[in-house]
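No value in this document is a laboratory result; all are computed from the given coordinates. Quick caveat, the model's predicted, so the values are computed rather than measured. Counting neighbours? That spans all protein chains shown, and the Cβs are built from the backbone with ideal geometry, glycine included.
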Amino acid sequence: MRPAQRWGEGVVGKRLRVWALLFLGAALTAASAGVAANASTDGHDQGIRIFSLRNPALGFAPNSSGFVVLAPLGADNAGRWNVTEVGQQGFEDAVYTNVATGTCLAARSPIDGVALTMAPCNLNDPFQQWERSADQLANVSTGRCVRPEAVAAGARLYQEVCGVGGRTADFSDDFRVKLSAASGDGQQIPAGRAGAPLVVKVTDENGVPQAGFVAEIELHGPWGGEDYLPSPATFGTGTTTRVLVTTNAQGLATTPAVTGKANNHSAYTATVGGHFTLFGDTFILQGASFSGTIV
């Protein structure tokens with residue numbers, strides 16, 4: 001996903017802006033790390049989730065006391081954030097506005113251990129400005145990174161010297177998708193003959209079909225212990241075992257027909273979702289794969 005860059009201790013490091021939401025085909029300028037200009041992410045800025053990479057079911061949400069905690073990410077607005085970029089072009093910081101409360105994610109002081117809170121939004125307040133490097137979120141004013149008390153529902157979020165906490169302090173605001181094998185799984189295809197295509201479905205975390213995703217699907221032979229054996233099947237009538245397919249309005253992407261190689265009787269698998277070919281990041285909540293046999 002992102003380069004494995006880490007924050008220097010107590011210093012806000014180089015600002016990475018690899019933010020693309022993998023949004024609707026030609027609209028490839030949408031940003032994924034959740035920190036996109038609202039105007040360019042039609043609708044998706046309402047769905048930004050800042051979630052724990054240790055447990056992607058938990059994300060940032062304000063509690064009734066005005067603090068920020070890790071909470072289960074449901075369909076409500078408590079864990080959803082609007083994002084506004086501020087700062088110099090190419091080095092924008094992000095201000096996160098909670099959809100449910102209309103208040104903004106804020107640090108309060110440069111002292112380690114101080115809990116994050118919600119505050120009336122002020123784009124000029126550096127305590128409300130955040131930036132990302134690798135998978136850590138740092139406050140522009142304090143130079144400290146966000147860390148949870150624990151990776152558990154209800155755990156409060158506070159700030160501490162960046163680089164502390166390991167994976168418990170790693171968060172993401174990538175676009176969250178689920179993949180599923182819509183059709184073509186479990187085929188038995190005669191050697192030298194064409195079977196059915198593989199169809200993968202891409203939805204968001206709430207099951208809404210997503211158009212315009214360009215997914216990579218690759219055919220393999222059986223697992224050989226260290227790597228896959230050569231595929232006994234191809235896509236179409238040539239020798240291609242890897243294709244890029246784009247989802248339609250129903251969130252479906254279809255490969256050419258899976259064709260068995262002549263005199264090559266073996267099982268095959270097809271992997272999907274290793275990455276998407278757009279230039280941003282996507283967090284795959286649920287992967288998909290296909291299998292079949294050339295008979």
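At a Förster distance of 30 Å, what's the computed FRET efficiency of Leu244 paired with Leu53, Cβ-Cβ distance as r, to 0.05? Result of the calculation: an efficiency of 0.65. Just so you know, the Rg over Rh for region 98-181 is 1.01, from Cα atoms, with Rh as the Kirkwood radius. A simple rule links phi to the HN-Hα coupling: the Karplus curve 6.51 cos²θ - 1.76 cosθ + 1.60 with θ = phi - 60°, which for region 226-243 gives 10, 7, 6, 6, x, 6, x, 9, 10, 8, x, 9, x, 10, 6, 10, 9, 9 Hz, with x for Gly and Pro. For region 38-173, a crude dipole built from +1 on the beta carbon of Lys and Arg and -1 on the beta carbon of Asp and Glu, taken about the Cα centre, is about 400 debye to the nearest 20. Inter-label distance, Ala150 to Thr293: 4.9 nm, where each label sits 7 Å from its Cα along the C-beta direction. If a paramagnetic tag sat 7 Å from the Cα of Ser64 along the Cα-Cβ line, which residues of region 137-171 would have the backbone N under 20 Å from that point? Hits in region 137-171 for Ser64 at 20 Å: 153-157.
Can you list the residues, at least 5 places off or on another chain, whose amide H is less than 5 Å from the amide H of Leu137, using H built in the peptide plane? Residues meeting the amide H criterion: Val146, Phe171.
Of the GluC sites (Glu not before Pro) found in region 206-253, those that fall in a DSSP loop while having at most 15 other beta-carbon atoms within 10 Å are Glu226. Counted over region 137-295 with a bin width of 10 Å, the fraction of Cα pairs per bin, in whole percents, is 11, 31, 23, 18, 11, 5, 1. Going from the residue with the fewest nearby Cβ atoms within 10 Å to the one with the most, Ser172, Ser291, Ser133 rank Ser291, Ser133, Ser172. Overall, region 176-294 carries a charge dipole of about 320 debye about its Cα centre when +1 sits on the Cβ of Lys and Arg and -1 on the Cβ of Asp and Glu, all other atoms neutral.
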